């Protein structure tokens, strides 16, 4: 049985807009328009889309914060809004921007309270807490008040809080936003292990392509309130024709792009900084980054390089553009 | 580990009482985290009580009787009202800033936990500093009851016992209603304060000093005079003014029950409004 079932789900909001100097008119805004999808237990699904595409609205309807205008939602066998409290025991929610920890207390003090809220006895939550604290390296800042934690530390604490009651489904809204590379990676490793070992289902929204690549086998793209794509990430890249970009800084200036004998599938994009910085875009399905680098190094010494993934906003725009054409 | 023990037996079931204790103690420890501001808050609350009393004293001192009451009798009303308001504020004061809770998105965090939102709000703002006001009010009440030359009988003792509790319930209901209102009027904090703090102001003065229609309004619509003034009439063997006859002194508890019921319904409607049911 699917853990999330969404059928023809819609939500509209009434917004007041001014009409004339004093009068205001009601206007219906459709945030989500008839979406359908199901998620099976143990899946990891990335839910992506531009700002205002309907991601947050969908998440609110899944967690029981918002009633759908029409359509049907079932999460863990519950109808979210009427059965909100029963559902809350089965799911864990992480809002990237809002804390569920006790702000002025040491981090470790939040867990006994959360455990009790989920009616877990100490024998039940304590071992789980130790396991989470161990896997996410919470040890060194457990006695620090939450308000003094860095964002990365706090997010690890938030994720541990959401997972304390061993939820079947974890919904994460922008969990990596604002984190440094190391914190992001730690969080991803942990979530991936959690899913593999305990079969926890993950649904996350993100703007970070690497989150999706590292965690999700499946991507849902929402655009303007409708599902624009549902399938594996590789398929999304294929549909949208995403390219990666390699930016190299050379030891000595090269002023002509023709000096590099780039393989098929790689395109020289620009020269900056008097011939020092070159960017080359390439199709990751046909070429590896190593091949492109080898071609460049054969012409000039490479001092530094960076690789840029296609960003999600860009992918979604391309995808939607190609669907409309 | 410094974290609090849930129970002595690690396998014990988590009862409502255990959970409540944990929530309240977390709140209290949060406040003690800022020791300096906590102490100044307590002092501020006591000072506020003193100021209110001085205001009342100034009036009674100059007119000899205020709404037909002597200073000691006025102090009974003031003490009862202060205790009731302090208790109500202690339990439900957080709903005062409901619009901020909604705007900051904190309400969503509360909604995805397996506990009633109201319980989480009540415990999230268990403001110990408000105890300062409660202590001052209680002291004033005890002194007043001793000074006021009361002919005690069992009925009066009963009334003097239930009145602060019924009054607290009335203020809890007013705070709850004020919080619920802010779901519709997002900038409704000032408007809501008119009922809570305005109610306190009316409750702590002799009702006979009020204009007749105002007496009716604050007795039978918003039962502020039932918090302290009307029961004081019974305890002190006084006749009330036309709008607040002495028999209303026994209406505090029923009024608290009715008002709490109505405000709980309003609160449920407010949460439903937020989640968008039927709207």
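Structure above, values below:
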read-out: Gained length - residue A:213 relative to residue A:137, 0.36 nm times residue gap less alpha-carbon distance; value: 25.0 nm
read-out: Mean ellipticity per residue at 222 nm, deg cm²/dmol - from DSSP H runs of n ≥ 4 across chain B, formula -39500 (n - 2.57); value: -22000 deg cm²/dmol
read-out: Antiparallel DSSP beta bridges within chain A, percent to nearest 5; value: 70
read-out: Alpha carbon centroid spacing (whole Å) that separates the stretch B:213-236 from the stretch B:249-279; value: 21
read-out: Exposure proxy ranking, count of Cβ atoms within 10 Å, fewest first, for A:103, B:250, A:125; value: A:103, B:250, A:125
read-out: Angle between chain A longest axis and helix A:122-135 axis [Cα atoms, degrees, rounded to 10]; value: 10
read-out: Inter-probe distance in nm under a simple model that places probes 7 Å from Cα toward Cβ, at residue A:258 and residue B:57; value: 9.9
read-out: Reciprocal mean inverse distance between Cα atoms of the stretch B:32-273 - Kirkwood radius, Å; value: 18.4
read-out: Chain A pair-distance distribution - Cα-Cα, 10 Å bins, rounded %; value: 5, 22, 26, 22, 15, 8, 2, 0
read-out: Cα long-axis angle, helix B:16-32 against chain B (0 to 90 degrees, to the nearest 10); value: 80
read-out: Cα shape, the stretch A:43-117, gyration tensor, a/c 1.5 rule; value: oblate
read-out: FRET efficiency, 1/(1 + (r/R0)^6) with R0 56 Å, evaluated for residue B:9 and residue A:251 via beta carbons; value: 0.20
read-out: Nearest 10 degrees, 0 to 90: helix A:151-163 Cα axis against chain A principal axis; value: 50
read-out: Mean projected area (nm²) of the alpha-carbon convex hull when the protein assembly as shown is viewed from all directions; value: 36.8
read-out: Relative contact order (%) - criterion: Cα under 8 Å, at least six apart; region: chain A; value: 18
read-out: Label-point separation in nm, residue A:70 to residue B:165, each point 7 Å along Cα→Cβ; value: 5.3
read-out: Within the protein assembly as shown, percent of DSSP bridges classed antiparallel, to nearest 5; value: 70
read-out: R0 of 45 Å, Cβ-Cβ distance residue B:33-residue B:221: FRET efficiency to nearest 0.05; value: 0.60
read-out: Sites residue A:182 and residue B:262 - FRET efficiency at Förster radius 51 Å, r taken between beta-carbons, to 0.05; value: 0.40
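Every read-out reported here was derived from the displayed coordinates using simple, explicitly stated rules and does not represent laboratory data. In this text, all values refer to a predicted model and were calculated from it rather than measured experimentally. Counting neighbours? That spans all protein chains shown, and the Cβs are built from the backbone with ideal geometry, glycine included.
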